[in-house]
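Note sheet for the following structure.
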Amino acid sequence: MKNILFVTAEVYPFIKTGGLADVSYALPKELTNEGQNVKIMCPMYKEIFLQYQKDSALIAEFKVRVGWREQPCALYSYSYQGMDFYFLYNEYYFNRDRAYGYYDDGERFAFFSRAVLEAVLNIDKFKVDIYHLNDWHTGMIPLLMKEFYKGTKADAKTLFTIHNLKFQGVFPRQTLTELFGLDDSFYDDEKIKFYDSISFMKAGIVYSDKITAVSPTYAKEILDDFYGEGLSKVLEKRKKKLSGILNGLNYEINNPETDKNISFNYSSKSIEDRVKNKVALQKELNLAVDKDAPVIGIVSRLTQQKGLDLVMPEIENIMSEGCQLVVLGTGDSKYEEVLGYYAKRYPERISANFFFSEELASKIYAGCDLFLMPSLFEPCGLGQMIALRYGAVPLVRETGGLKDTISPYNEYKNSGNGFSFSDFNSHSMMNVLRYALKVYKENKPAWLGLMKRGIRANYNWSKSAKKYIKLYEKL
């Protein structure tokens with residue numbers, strides 16, 4: 001058994017802005033089930049403070065050095081679902097309406113990084129064997145530990161997980177001295193210099209003992225300049241300590257048999273009931289009620305990364321195929337404007353919803369026939385795994401975790417669980433979409449087989465947790 005401190009900027013159900021929160025709950029839970037002693041540490045944002053502080057135990061108060069300043073920090077513990085959560089609170093840094101996206105995020109997470117190490121010194125009964133660190137928010141911890149905490153109780157091995165290399169925590173050069181008290185020698189290409197700034201992500205890569213990416217394919221892709229976001233050469237030098245472990249899916253939460261958000265529950269054995277959710281979705285969104293019309297679902301951030309540039313020029317062609325299109329998500333205004341225009345032009349066939357709702361997301365997964373994810377890059381992706389779980393057939397581009405989870409339909413072997421294409425262009429996407437629609441319209445038994453294989457697929461966290469444990473043991 002290892003003592004693991006899982007350090008993250010967000011964790012379900014306390015604070016969530018994206019998939020990192022889901023991973024930060026599900027993976028530690030599975031590691032605990034596998035016999036590891038796991039604690040989760042996260043900032044206590046305003047949202048967490050207001051809802052959970054009164055039921056949390058204040059276990060320590062201490063000072064945290066941020067450059068030449070000393071800032072107060074309160075350490076709270078809270079038990080949930082049999083797991084121990086530790087929250088670090090400072091009113092100035094974390095009493096805000098959002099988790100991040102502020103001008104002083106560099107200072108906020110400089111504080112958090114140092115506070116994690118100080119907290120370990122102040123938790124009497126908890127020994128840390130391994131810090132499992134996640135994304136740029138925690139990237140400076142291995143460097144700080146080696147510089148200021150070597151030989152102390154806070155000194156331990158580190159595993160750094162890259163969830164999305166695009167977001168790197170890049171801050172001005174003076175951050176080194178002003179916020180960390182580090183000298184200018186670290187402003188070096190072999191250390192954490194990133195163009196004319198410094199990168200917290202690069203620090204995590206350079207100074208951690210092991211590095212993981214959230215899918216095997218993504219771990220290979222980020223060694224290439226196209227996917228490497230300026231860090232491919234840094235990763236290439238360290239590829240012996242880099243591995244890819246596919247994220248899992250929480251099958252307790254994502255379950256069409258028990259999901260209270262959908263209109264009709266179903267399973268692989270009662271998959272004929274699924275069409276009732278399609279009709280209910282059409283009624284709720286004021287689309288033409290037609291159980292035979294192929295419904296294409298998109299639940300996504302509306303950004304370039306998610307492949308929206310491939311979808312926009314093909315909307316008329318999608319309409320010409322007799323489809324309905326349901327979109328849920330927020331993002332770049334240029335995509336919202338185009339989708340909004342077409343939703344007005346085809347009010348009975350396109351529903352564009354520029355917000356996020358867990359309830360509506362579940363209804364789309366349960367009600368659409370095809371789930372579209374034509375991503376430019378996708379470190380792992382949860383959408384395609386949720387779609388499979390709900391019997392929606394994914395159509396994806398072969399990148400990252402999409403390539404690792406979706407096997408293309410083979411009409412001769414009657415195998416596969418979705419449809420895929422490799423070239424990042426709209427013509428490739430439309431060719432595969434037309435083929436998928438042909439199967440949907442003309443080969444109902446084959447389509448039923450795709451749906452059932454999707455629902456029965458198993459991407460739970462158990463396999464991934466065992467792979468992480470093997471890495472922990474190597475450390």
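The values are calculated or read from the model by the stated rules, or taken from the named source; none is laboratory data. Everything numeric in this text was worked out from a predicted model, so none of it was measured. Heads up, the Cβs are rebuilt from the backbone with ideal geometry, glycines too, and the neighbour counts pull from every protein chain shown.
I'd like to know if region 131-142 contains one or more residues that are surrounded by fewer than 23 Cβ atoms within 10 Å (Cβ to Cβ), over 19 Å from residue 238 (Cβ atoms) and out of contact with any Ser or Thr (no Cβ under 6 Å at 6 or more places or on another chain).
Looking through region 131-142, none of the residues is surrounded by fewer than 23 Cβ atoms within 10 Å (Cβ to Cβ), over 19 Å from residue 238 (Cβ atoms) and out of contact with any Ser or Thr (no Cβ under 6 Å at 6 or more places or on another chain).
Scanning for something part of a helix (DSSP H, G or I), within 29 Å of residue 259 (Cβ to Cβ), touching a residue at least 60 places away in the same chain (Cβ under 8 Å) and in contact with a Phe, Trp or Tyr (Cβ under 6 Å, 6 or more places away or on another chain), does region 335-345 turn up at least one residue?
Taking every residue of region 335-345 in turn, none turns out to be part of a helix (DSSP H, G or I), within 29 Å of residue 259 (Cβ to Cβ), touching a residue at least 60 places away in the same chain (Cβ under 8 Å) and in contact with a Phe, Trp or Tyr (Cβ under 6 Å, 6 or more places away or on another chain).
Restricting to region 281-303, what's the tally of residues that are outside any loop (DSSP other than H, G, I, E, B) and surrounded by fewer than 15 Cβ atoms within 10 Å (Cβ to Cβ)?
Number satisfying all stated conditions: 2.
When you look at residue 66, is it under 21 Å from the mean Cα position of the chain (by Cα) and in contact (Cβ under 8 Å) with a residue 40 or more places away in the chain, yes or no?
Criteria not met by residue 66.
Residue by residue through region 242-280, note down the ones that are surrounded by fewer than 18 Cβ atoms within 10 Å (Cβ to Cβ) and either basic (Lys, Arg) or part of a helix (DSSP H, G or I) (or both).
Those that are surrounded by fewer than 18 Cβ atoms within 10 Å (Cβ to Cβ) and either basic (Lys, Arg) or part of a helix (DSSP H, G or I) (or both): 260, 268, 269, 270, 271, 272, 273, 275, 276, 279, 280.
Restrict the check to region 378-397 and report whether at least one residue is surrounded by fewer than 20 Cβ atoms within 10 Å (Cβ to Cβ), over 30 Å from residue 128 (Cα atoms) and not polar (S, T, N, Q).
No: zero hits.
Can you tell me which residues in region 217-235 are more than 20 Å from residue 475 (Cα to Cα) and either assigned to a helix (DSSP H, G or I) or of a type in the set (Phe, Trp, Tyr) (or both)?
Result: 217, 218, 220, 221, 225, 226, 227, 228, 232, 233, 234.
To keep it simple, each residue is scored yes or no on (1) within 16 Å of the chain's Cα centre (by Cα); (2) of a type outside the set (Asp, Glu); (3) closer than 16 Å to residue 77 by Cβ.
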| residue | (1), (2), (3) |
| --- | --- |
| 19 | yes, yes, no |
| 35 | no, yes, no |
| 50 | no, yes, no |
| 61 | no, no, yes |
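Counting only residues that are of a type outside the set (A, V, I, L, M, F, W, C), surrounded by fewer than 16 Cβ atoms within 10 Å (Cβ to Cβ) and out of contact with any Asp or Glu (no Cβ under 8 Å at 6 or more places or on another chain), how many does region 55-79 have?
5
Regarding region 25-37, can at least one residue be identified that is surrounded by fewer than 21 Cβ atoms within 10 Å (Cβ to Cβ) and aliphatic (A, V, I, L, M)?
The answer is no; no qualifying residue exists.
Under 28 Å from residue 300 (Cβ atoms) and without any contact (Cβ under 8 Å) to a residue 12 or more places away in the chain: which single residue out of 16, 29, 46, 54 fits that description?
Residue meeting the stated conditions: 16.
In region 122-157, how many residues are of a type in the set (A, V, I, L, M) and under 24 Å from the mean Cα position of the chain (by Cα)?
Final tally of qualifying residues: 4.
Against the conditions (1) closer than 13 Å to residue 66 by Cβ; (2) modelled with pLDDT under 95, where does residue 118 fall short? Just the number, please.
With respect to (1) closer than 13 Å to residue 66 by Cβ; (2) modelled with pLDDT under 95, residue 118 is out only on (2).
For region 22-67, name all the residues that are among the charged types (D, E, K, R) and either in contact with a His (Cβ under 8 Å, 6 or more places away or on another chain) or part of a strand (DSSP E or B) (or both).
Result: 39, 61, 63, 65.
Residues of region 197-226 being of a type in the set (Ser, Thr, Tyr) and more than 27 Å from residue 460 (Cβ to Cβ), which ones?
197, 199, 207
Answer with yes or no whether residue 464 is assigned to a strand (DSSP E or B) and over 25 Å from residue 276 (Cβ atoms).
Against the criterion (assigned to a strand (DSSP E or B) and over 25 Å from residue 276 (Cβ atoms)), residue 464 does not qualify.
When you scan region 418-434, do you find a residue that is in contact with a Gly (Cβ under 8 Å, 6 or more places away or on another chain) and either closer than 20 Å to residue 274 by Cβ or without any contact (Cβ under 8 Å) to a residue 40 or more places away in the chain (or both), even just one?
yes
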